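Every number in this text was worked out from the coordinates using simple rules, so none of it is lab data. These figures come from a predicted structure and were not determined experimentally. So basically every Cβ, Gly included, is an ideal-geometry build from the backbone, and we count neighbours across all protein chains shown.
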Amino acid sequence: MSVEIKVSGQTVTAFIKGDIDHHTAGEMRRLIDNSIDLNTPSLLSLDFSGVSFMDSSGIGLVMGRYRNLSKYGGSLRITGAGEQIYKVMKLAGLEKLAILEK
Amino acid sequence: MTAVNKFSMNMMSKSANEGFARAAVSAFVSQLDPTLEEINDIKTAVSEAVTNCIVHAYKEGYGKIYISAEIFDNKSVKITVRDKGCGIENVNKAMEPLFTTVGGERAGLGFAVMQSFMDNVKVRSKIGKGTTVVMEKRISLRYSANAQK
């Protein structure tokens, strides 16, 4: 489990790696929020291409970051979600909160 | 419908075991030669059921989570996740999407994921005694060496 953060202008990209479950989501949340607090990006891009598995804890992770960004008008993009992850995201209707790019 | 294979295990309700639980069940089910999507559905559902035990049933501390899986001759699998935790006051309410009793970032989608990814989900619960979740899924028939055994 890890999150690698890249900042480019007004965009923060978080490259999430490993399984997202209740065990790992807390630390991922902390790392991403640190960067939101520090940079207040206009766009947060969550890159899921390194995520091997995600359950509904990942939905909580995305929805929580969406709430934090909304406070100041930032937007959210999700990229690189594999089939299993995309299926969980669609079930939760995440496409209503974020730009969902497969 | 006859059971042709079964495994059972128990583990401490530590969040570090969530990955172990879904890996163990998916490894057992793999003898039915499921598609990648089917195995992912099962992994996700098991992860939700086990997380519920950790976050809700044993919220005050640690307890044992009992997991078993049975394979039937019609290529279906029945997975049981049981705890001896606090129990659920209103099972129907708990199963409503987005309903959650804990704050933080739980999305309240655990049962919704289980119901969506499995063919059948049954929940029995008694306050102070614990909760049993039984999930069934039919694995598609494909031609393979394993299917003949």
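A quarter of the convex hull surface defined by the alpha-carbon atoms of chain A gives 5.3 nm² as the mean projection.
Between helix A:56-70 and chain A there is an angle of about 20 degrees, using the helix long axis and the longest principal axis of the Cα atoms. How high is the FRET efficiency between B:Lys126 and B:Asn74 when r is their beta carbon distance and R₀ equals 30 Å, given to the nearest 0.05? After rounding to 0.05, the efficiency reads 0.45. Given Cα pairs under 8 Å that are at least 6 residues apart, what percent is the relative contact order of chain A? Answer for chain A is 27 percent.
Quick one, can you get me the convex hull of the C-alpha atoms of chain B expressed as volume per residue in Å³? Could you put the intermediate results ahead of the total?
On the way: hull volume 15.8 nm³, N = 149.
Hull volume normalised by residue count: 106 Å³.
Short-range pairs are left out: with C-alpha atoms under 8 Å and at least six residues apart, the relative contact order of chain B is 27 percent. Per residue, the Cα convex hull of the protein assembly as shown amounts to 123 Å³.
Which of B:Met114, B:Met12, B:Met95 moves most in a GNM of chain B, Cα contacts under 10 Å? Looking only at B:Met114, B:Met12, B:Met95, the largest GNM fluctuation is found for B:Met12.
Between B:Glu89 and B:Arg142, the contour length at 0.36 nm per residue exceeds the alpha carbon distance by 14.9 nm. Look at the stretch A:19-26: the mean tally of other chain Cβ atoms within 10 Å of its residues' Cβ atoms is 6. Placing +1 on the Cβ of every Lys and Arg and -1 on the Cβ of every Asp and Glu, with nothing else charged, gives chain B a dipole about its Cα centre of roughly 440 debye. In chain B, the longest principal axis of the Cα atoms and the axis of helix B:18-29 are about 30 degrees apart.
Computing FRET efficiency as 1/(1 + (r/R0)^6) for A:Thr79 and B:Glu96, where r is the C-beta to C-beta distance and R0 is 41 Å, gives about 0.85. With a cut-off of 12 Å on the backbone N, no residue of region A:35-59 is near the modelled label site 7 Å out from B:Phe20 along Cα-Cβ. Against chain A, whose longest principal axis comes from its Cα atoms, helix A:22-39 is set at around 20 degrees. Label sites at B:Tyr66 and A:Ile99, each approximated as a point 7 angstrom past Cα along Cα to Cβ, lie 5.1 nm apart. Note on chain B: GNM, Cα springs under 10 Å; of B:Ile79, B:Ile39, B:Ile127, the largest mean-square fluctuation is that of B:Ile127.
The dipole here belongs to the protein assembly as shown: it is taken about the Cα centre, uses +1 on the Cβ of Lys and Arg and -1 on the Cβ of Asp and Glu, and is about 480 debye. Would you please name the GluC sites (Glu not before Pro) within region B:10-96 that are DSSP coil residues with at most 16 other C-beta atoms within 10 Å of their C-beta? Answer in residue order: B:Glu60, B:Glu89. Considering only B:Asn17, B:Asn52, B:Asn90, the mean-square fluctuation computed in a Gaussian network model of chain B, springs between alpha carbons under 10 angstrom, is largest for B:Asn90.
Can you give me the distance in nm between label points at A:Asn34 and B:Met9, each placed 7 Å from the Cα along the Cα-to-Cβ direction? The two pseudo-label positions are separated by 3.3 nm.
The chymotrypsin sites (Phe, Trp or Tyr not before Pro) found in region A:50-102 that occupy coil by DSSP, while having at most 10 further C-beta atoms within 10 Å, are A:Tyr72.
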